[in-house]
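Structure, as structure tokens:
The values are calculated or read from the model by the stated rules, or taken from the named source; none is laboratory data. Bear in mind that the values here come from a model prediction, so they are computed numbers and not experimental data. Note that we place each Cβ from the backbone using ideal geometry, even for glycine, and neighbour counts take in every protein chain shown.
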Amino acid sequence: MTANHTLRIRRAGERGHANHGWLDSWHTFSFANYYDPAHMGFRSLRVINDDRVAPGGGFPNHPHRDMEIFSYVLEGSLAHQDSMGNKRELKPGEIQLMRAGSGVLHSEFNPSATEDVRLLQIWITPSRRGLEPSYTEWTPPAESASKNKLLVISEDGREGSARIAQDASVHLIRATAGDTVSHDLAAGRGVWLHVIRGRALACGVTLEPGDAASIEEPATFEIKAGPDGLEALLFDLR
């Protein structure tokens, strides 16, 4: 990607922040009491919350509808229960995808008495309203260990990814120091890159944990991992 392309940067420290004691949360986009009209979402991507939940804390039973919601557990464990009858405890590296559709109730708790759980909670608006609610999980397959860019969510479920009711692809990037990961962005689409751990160099710009970069022009988007490696999520959105 050349300097002629417009790379927009969203720095970690510019995000909304809420600390409720049991929950310490950073909001990439407007959420709850954090409102920023300049950051209401990106295309169909509506929420990226970086949540740290204290031992025994959690979100009691609450409703959602017409949203594709997924949680990526980074540290600790997350206990999930919903009105569809699902009851599960997720571990680091696992992704849970819930289609709220016509309406669902769910709760999420930290079952540990001693350790925090850290997760990314992400919402994507679906292409259609009133869909039947559903639940699925994605765990990295053993053969993916050598891949530095892995498709985890897509509209058509290709490459073993979980399905979402939106023309969106979500890639997990796990690269070692100095590795370069590339992504070809087609016309009419946008990329949002969210750095989780490590550092990234994108179009000459260094991105730290919690930083994000976006582009909405056709390009080959190249991301180089920093000296401590890189873990990130890359969203390709219509």
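State all residues of the range 6-40 that are under 23 Å from Glu216 (Cβ atoms), in contact (Cβ under 8 Å) with a residue 40 or more places away in the chain and of a type outside the set (A, V, I, L, M); if no residue qualifies, say none.
Thr6, Arg8, Arg10, Arg11, Arg15, Thr28 - these are the residues of the range 6-40 that are under 23 Å from Glu216 (Cβ atoms), in contact (Cβ under 8 Å) with a residue 40 or more places away in the chain and of a type outside the set (A, V, I, L, M).
Out of curiosity, is Val152 surrounded by 15 or more Cβ atoms within 10 Å (Cβ to Cβ), more than 22 Å from Glu68 (Cβ to Cβ) and among the β-branched types (Val, Ile, Thr)?
no
In the range 180-204, how many residues are touching a strand residue (DSSP E or B) at 6+ places or on another chain (Cβ under 6 Å) and either under 17 Å from Trp123 (Cα atoms) or hydrophobic (A, V, I, L, M, F, W, C) (or both)?
12
Mind checking which residues of the range 199-230 are under 16 Å from the mean Cα position of the chain (by Cα) and either surrounded by 19 or more Cβ atoms within 10 Å (Cβ to Cβ) or modelled with pLDDT under 95 (or both)?
Gly210, Asp211, Ala212, Ala213, Ser214, Leu230, listed by residue number.
Taking Leu119 and the conditions (1) within 22 Å of Ala54 (Cα to Cα); (2) more than 19 Å from the chain's Cα centre (by Cα), which numbered condition does it fall short on, given that it satisfies the others?
(2)
Under the condition of being touching a Lys or Arg at 6+ places or on another chain (Cβ under 6 Å) and part of a strand (DSSP E or B), which residue from the range 155-182 is surrounded by the most Cβ atoms within 10 Å (Cβ to Cβ)?
Ile173
Under 6 Å by Cβ, and 6 or more places apart or on different chains, what pairs join a residue from the range 130-148 that is not assigned by TED's automatic domain parsing to the domain that holds Gly101 and among the aliphatic types (A, V, I, L, M) with one that is surrounded by fewer than 16 Cβ atoms within 10 Å (Cβ to Cβ) and modelled with pLDDT of 95 or more?
No pair meets every condition.
Of all the strands (runs of 3 or more DSSP E) wholly in the range 3-85, which have at least 3 residues that are hydrophobic (A, V, I, L, M, F, W, C)?
Answer list for the range 3-85: 45-53, 68-75.
Which condition from (1) loosely packed, with under 15 Cβ neighbours inside 10 Å; (2) under 18 Å from Pro92 (Cβ atoms) is the one that Val117 breaks?
With (1) loosely packed, with under 15 Cβ neighbours inside 10 Å; (2) under 18 Å from Pro92 (Cβ atoms) applied to Val117, the lone miss is (1).
Does Glu108 satisfy being within 19 Å of the chain's Cα centre (by Cα), surrounded by fewer than 14 Cβ atoms within 10 Å (Cβ to Cβ) and either modelled with pLDDT of 95 or more or not assigned by TED's automatic domain parsing to the domain that holds Leu150 (or both)?
Answer is no for this residue.
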